[in-house]
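Reading through the structure tokens given below for one structure.
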Amino acid sequence: MDTSMISREQIIYLDNNATTQLDPAVLEEMLPFLTQYYGNPSSGYTFGAQVRRAIDLARERVAALLGCEPGEVVFTSCGTESNNAAVNSALQLDPGRHHVVTTAVEHSATRRHCETLSKRGAAATIVPVDGDGNLDLDELENAITPQTAIVTAMWANNETGVLFPVEKIAEIARRKRVLFHTDAIQSVGKIPIRLANSTITSLSLSAHKLHGPKGVGVLYVNKRCAFKPSLIGGSQENNRRAGTENVASIVALGKAAECANAALAEEATRVRAMRDRFEAGVLEKVSDSFVNGNPEARLPNTSNLSFAGIESDAALTLFDRHHLCCSAGSACRTGSLETSHVLRAMKLSPERTRGSMRFSFGRFNTEADVDRALEIVPNVIARLRELSPAQPVREKVVA
Ligand code: PLP
């Protein structure tokens, strides 16, 4: 390993929507499945069967977190695969239905998939959001046609944390007799989810957003819904996702789900308090700073802020010198010159979009992280404003 690498102790990690630290309890549980218990879960002998039992336990733990039945949990390779598989299945179920309804603020795992499907003969309607990132439910309902196969809308936005009223969307979809999938990759483990009496037909989650490893996810498929797999091959996952199971990662996801379930009530309150103290402190110390997105209907861990008169890329470079990790919009866009499609969909001014940053807190953050961030962020913004030859763009704030 490169000895110049920065250690966890040196960094202030406020980018938990990008990915999270692996919980040591999760690592402990997964390791034996990389070393000792390497049997194939499909093998008939005991050495394989014990691995199968570990997968079954993971399925039960995920089901407990989601409030669903274990048989409704399909393990996948990531959140992206889960999102793709839900939409692909809906389009295959009925060839007469080739239309997808989605929203303007989806993650690229949905947005770009829908763009690609549109080029291949399907059609997609993209429902806009308002200035706070909220969806107009009437507009969503009007977008559903007799050709619509599925509505797919995220539960929580990865950039702003804004929550969509997914139960209401699911109810609209049920009335209109179309499937409803929600990308819950940012909400699982952060807010309570009970799918048992819900009309949500499918839901995606990803382990690395809840202190599990990267490269493993889940697609929940309601037991009353038919499903067409995207990956064809063996009969794994009850014929819903072929391929030898990624056993250690699935075991780890199960443990991460159990830990998230146990910590949910207490941690959401603690994490919200850290986020709120950070946000209030920054807004007080930094003039012309704004919160982006609905401040009420929002994840407890996310703060998307804009600073007038600065470019977020420059701020990120200076934050990096202090080992403060956060994002300009989503991590997937870092390095591209494009500004956030989410903030553009909210019709924020280009200046506000360019000066936006996402700070996202998690279970392993401490009050000391908040204290350090409250020193660094105002200093960096002040420094950039000093350096900038242009006057900060003052926005007219509408209360
Ligand atoms: N959807 C949302 C809302 C996300 O935040 C992410 C990851 O950033 C994904 C989908 C993709 O998940 P994965 O990285 O597991 O493919």
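Observations on the model:
- Strands (runs of 3 or more DSSP E) lying entirely in region 89-190 (those with 1 or more residues that are open to solvent by less than 20 Å² (accessible area, probe 1.4 Å) and among the aliphatic types (A, V, I, L, M)): 99-103, 123-127, 148-154
- Among the residues making up region 66-78, a single one is within 16 Å of the ligand (Cβ to nearest atom), of a type in the set (A, V, I, L, M, F, W, C) and open to solvent by 10 Å² or more (accessible area, probe 1.4 Å): CYS78.
- Filtering LYS223, LYS214 for residues that are surrounded by fewer than 24 Cβ atoms within 10 Å (Cβ to Cβ), more than 16 Å from the ligand (Cβ to nearest atom) and in contact (Cβ under 8 Å) with a residue 60 or more places away in the chain leaves a single hit, LYS223.
- All positions within region 89-116 that are closer than 18 Å to PRO146 by Cα and either among the aliphatic types (A, V, I, L, M) or within 16 Å of the ligand (Cβ to nearest atom) (or both): ALA90, LEU91, LEU93, VAL100, VAL101, THR102
- Checking SER303 against (1) surrounded by fewer than 20 Cβ atoms within 10 Å (Cβ to Cβ); (2) in a strand (DSSP E or B), the condition it does not meet: (1)
Residues checked against (1) surrounded by 18 or more Cβ atoms within 10 Å (Cβ to Cβ); (2) assigned to a helix (DSSP H, G or I):
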position: ARG241; (1), (2): yes, no
position: THR244; (1), (2): no, no
position: SER249; (1), (2): yes, yes
position: ALA252; (1), (2): yes, yes
position: ALA265; (1), (2): no, yes
position: ALA268; (1), (2): yes, yes
position: SER287; (1), (2): no, no
position: GLY293; (1), (2): yes, no
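- Selection status of SER43, open to solvent by less than 80 Å² (accessible area, probe 1.4 Å), more than 26 Å from GLU237 (Cα to Cα) and free of Cβ contacts under 8 Å to residues at least 60 places away in the same chain: no
- ALA49 meets the stated requirement of being in a helix (DSSP H, G or I), at pLDDT 95 or above and more than 24 Å from the chain's Cα centre (by Cα).
- Among the residues making up region 62-77, those that are in contact (Cβ under 8 Å) with a residue 24 or more places away in the chain and either assigned to a helix (DSSP H, G or I) or not hydroxyl-bearing (Ser, Thr, Tyr) (or both) are VAL62, ALA64, LEU65, LEU66, GLY67, CYS68, GLU69, GLY71, GLU72, VAL73, VAL74, PHE75.
Matching residues to (1) more than 16 Å from the ligand (Cβ to nearest atom); (2) outside any loop (DSSP other than H, G, I, E, B):
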site	(1), (2)
ALA18	no, no
GLU28	yes, yes
LEU34	yes, yes
GLU60	yes, yes
THR80	no, yes
ALA85	no, yes
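The values are calculated or read from the model by the stated rules, or taken from the named source; none is laboratory data. Since the structure is predicted, the reported quantities are computational estimates derived from the model, not experimental observations. Glycine also receives a Cβ, built like all others from the backbone with ideal geometry; neighbour counts cover every protein chain displayed. Heads up: the accessible areas ignore ligands, DNA and RNA and are worked out on the full protein's heavy atoms, side chains in. Shrake-Rupley method; radii C 1.70, N 1.55, O 1.52, S 1.80 Å.
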